[in-house]
Amino acid sequence: SQQGEEDPQALSIQEGENATMNCSYKTSINNLQWYRQNSGRGLVHLILIRSNEREKHSGRLRVTLDTSKKSSSLLITASRAADTASYFCATDAGTYKYIFGTGTRLKVLA
Amino acid sequence: DAGITQSPRHKVTETGTPVTLRCHQTENHRYMYWYRQDPGHGLRLIHYSYGVKDTDKGEVSDGYSVSRSKTEDFLLTLESATSSQTSVYFCAISDQQGRGHTPQHFGDGTRLSIL
C-alpha cells in the first residue's frame, strides 16, 4: 500500500498549546499537502509543500518536509477550540492520484 | 468554496439495488475523484477521471463503476449495492499545475447506508 500514515491517531490539548502531527509516506513525491476535515464536512486544503522545500509557513501553521526520511510534520501554534478537526496528509506523486493518510483527530479543549 | 456539489447528500437503500451518486463541478477542472471514507481507513480512492470519458481505477474499485460524459459531471454507480459499501463518499476536483496538480477541493460528501 502507498498510503501515508499520520501519528498520533488522536491528540487532545488545551487551548493555547501547540499541536504537532506527523505523516510518513512510502514513495517519491512531487508535493505533500495537509488537509483539515471538520465533522460532517469535506476536506479543506491547508498548505502544500513541494519536494524541494523543507519548511513552509501559513499563519499559525508550520509544515516541514524531510524527503530523506519520507516524513512531514504539521505544527499548529497557539491552538484554538476551532482547530478541533481531523487532519490528513496527502502525497502527490504526479500520477493524477493523491494518497491520503489515515488522519489525526485533534481535540482542543477550551 | 470551490463549486462542487454532491447529490444526494444522504441515501438509504437495500442490498442488491443499484445506486448512482452524482458529482457536479462548476470550476472546469480536468481531474475528478471519488473516495470513500471509513473509520480506520482514511480516504481511499475508488475511481478517478483525467478528462471526459477518461477514467481509471483506484485502490478500492471493485463493485463500482464511473462515467464522465462531460467535464462538469462525474457519476459513481454501485451496480448491486452490498452492506460493505455503506460509507461516506466524497468527490474531489483538481487541475493541472506544472508537473503536479492543484490542491483538491472536496464536496461535502454523501452518506450512504445499505441495509
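Computed from the coordinates by the stated procedures, all read-outs in this text should not be read as laboratory data. Quick caveat: nothing in here was measured; it's all calculated off a predicted structure. Ideal geometry is used to build each Cβ from the backbone, glycine not excepted, and the neighbour counts take in all protein chains shown.
Let me confirm something: among B:Thr77, B:Thr17, which residue is more than 14 Å from the chain's Cα centre (by Cα) and more than 14 Å from chain A (Cβ to nearest Cβ)? Give the steps one after another, and end with the answer.
On the way: B:Thr77 fails: more than 14 Å from the chain's Cα centre (by Cα).
Only one candidate passes the filter, namely B:Thr17.
Taking into account only those residues within the stretch B:38-70 that are more than 11 Å from chain A (Cβ to nearest Cβ) and touching a His at 6+ places or on another chain (Cβ under 8 Å), which is nearest to B:Arg111 (Cα to Cα)?
Ranking the qualifying residues of the stretch B:38-70, first place goes to B:Tyr64.
Keeping to the stretch B:38-72, report how many residues are surrounded by fewer than 19 Cβ atoms within 10 Å (Cβ to Cβ), in contact (Cβ under 8 Å) with a residue 12 or more places away in the chain and closer than 22 Å to B:Thr17 by Cβ.
6
How about the stretch A:51-110: which strands (runs of 3 or more DSSP E) wholly inside it have at least 1 residues that are away from chain B (no Cβ under 12 Å)?
Details: elements: A:55-58, A:61-66, A:71-76, A:85-92, A:98-100, A:104-109.
Of the strands (runs of 3 or more DSSP E) lying wholly inside the stretch A:51-110, those with at least 1 residues that are away from chain B (no Cβ under 12 Å) span A:55-58, A:61-66, A:71-76, A:85-92, A:104-109.
Looking at the stretch B:51-75 only, could you name the residues that are under 20 Å from B:Asn28 (Cβ atoms) and in a strand (DSSP E or B)? Show your work before the answer.
Kept after step one, since they are under 20 Å from B:Asn28 (Cβ atoms), are these residues of the stretch B:51-75: B:51-55, B:66-75.
Within the stretch B:51-75, B:Gly51, B:Asp54, B:Thr55, B:Val66, B:Ser67, B:Arg68, B:Ser69, B:Lys70, B:Asp73, B:Phe74, B:Leu75 meet the criteria.
Hey, among the residues in the stretch B:1-22 that are among the hydrophobic types (A, V, I, L, M, F, W, C) and farther than 16 Å from B:Gly107 by Cβ, which one's surrounded by the most Cβ atoms within 10 Å (Cβ to Cβ)? Break it down into steps so the answer makes sense when it comes.
Of the residues in the stretch B:1-22, the ones among the hydrophobic types (A, V, I, L, M, F, W, C) are B:2, B:4, B:12, B:19, B:21.
Checking which are farther than 16 Å from B:Gly107 by Cβ leaves us with B:12, B:19.
Working: B:Val12: 10, B:Val19: 20.
Ranking the qualifying residues of the stretch B:1-22, first place goes to B:Val19.
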